[in-house]
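*Asks:* I'd like to ask some things about the structure below.
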Amino acid sequence: MERTFAIIKPDAVKKGVTGQILARIEAAGFRLCGMRMIHMSKAEAEGFYYVHKARPFFGGLTDFMSSGPCVVMCLEAPDAIKKWRDLMGATDPAKAEPGTLRKDFGASIDNNATHGSDAPETAAFELGYFFRGMEL
Ligand code: ATP
Ligand code: MG
């Protein structure tokens, strides 16, 4: 079993598709081991995405992630990190495969509905950033 960290981003929550995304997560066979709705401050979003701090889109990305509530989750499954990124699809919804969450619910590369950790080390950091051990 593996655990990964996932977010239903502010654009998807605002659009009212949180329930549909949760249903797709459960239908795909993930176990939800932790979940909370939060509204990140700008500083909290900057801390979360610090690996991208030198990128030109960092300001816009952290404005977006702090623009409204989002849903943070711990997902468990065999090979959960890859399995969740496959279900999300490509970063840019225009390039995402049919049937993926970003294809179905994302609007653009900066409003792409969901987040997922990209490696075991980032999953550990990201889960620890949002959840205390006893919550999982
Ligand atoms: P995420 O980390 O959100 O799951 P990802 O791992 O597919 O997405 P990253 O390269 O980590 O993609 O980029 C983080 C986020 O930054 C993306 O989800 C996207 O919203 C935004 N982003 C990435 N590249 C660009 C870009 N060229 N222009 C605008 N926004 C971008
Ligand atoms: Mg990423």
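The values are calculated or read from the model by the stated rules, or taken from the named source; none is laboratory data. The structure displayed is predicted, hence computed values, not measured ones. Cβ: placed from backbone, ideal geometry, glycine included. Neighbour counts: every protein chain shown. Note: accessible area is taken over every heavy atom of the protein model, side chains too, but ligands, DNA and RNA are not part of it. Shrake-Rupley method; radii C 1.70, N 1.55, O 1.52, S 1.80 Å.
*Asks:* Scan the range 87-117 residue by residue and report those that are more than 12 Å from ligand 1 (Cβ to nearest atom), within 17 Å of ILE8 (Cβ to Cβ) and free of Cβ contacts under 8 Å to residues at least 60 places away in the same chain.
*Replies:* Once the filter is applied, which keeps residues that are more than 12 Å from ligand 1 (Cβ to nearest atom), within 17 Å of ILE8 (Cβ to Cβ) and free of Cβ contacts under 8 Å to residues at least 60 places away in the same chain, the range 87-117 yields LYS103, ASP104.
*Asks:* Can you tell me which residues in the range 42-64 are among the hydroxyl-bearing types (Ser, Thr, Tyr) and open to solvent by less than 50 Å² (accessible area, probe 1.4 Å)? Write out each step before concluding.
*Replies:* Taking the range 42-64 and keeping what is among the hydroxyl-bearing types (Ser, Thr, Tyr), we get 49-50, 62.
Matches in the range 42-64: TYR49, THR62.
*Asks:* May I pose another question? Of the numbered conditions (1) touching a Gly at 6+ places or on another chain (Cβ under 6 Å); (2) under 24 Å from GLY133 (Cβ atoms); (3) within 11 Å of ligand 1 (Cβ to nearest atom), CYS74 satisfies every one except a single condition; which is it?
*Replies:* Just one mismatch for CYS74, condition (3).
*Asks:* In the range 1-41, how many residues are of a type in the set (Val, Ile, Thr) and either within 16 Å of ligand 2 (Cβ to nearest atom) or in a strand (DSSP E or B) (or both)?
*Replies:* Total satisfying the criteria: 4.
*Asks:* May I ask you to list the residues in the range 122-131 that are away from ligand 2 (no atom under 14 Å from the Cβ) and aromatic (Phe, Trp, Tyr)?
*Replies:* Scanning the range 122-131 gives PHE130, PHE131.
*Asks:* Something else now. I want to confirm something. Restricting to the range 93-121 and keeping residues that are surrounded by fewer than 16 Cβ atoms within 10 Å (Cβ to Cβ) and over 23 Å from GLY16 (Cβ atoms), which single residue is nearest to ligand 2 (Cβ to nearest atom)?
*Replies:* Here the answer is ASP118.
*Asks:* Those residues that are touching a helix residue (DSSP H, G or I) at 6+ places or on another chain (Cβ under 9 Å), free of Cβ contacts under 8 Å to residues at least 24 places away in the same chain and not charged (D, E, K, R), I need them from the range 52-76; list them, please.
*Replies:* HIS52, PHE58, THR62
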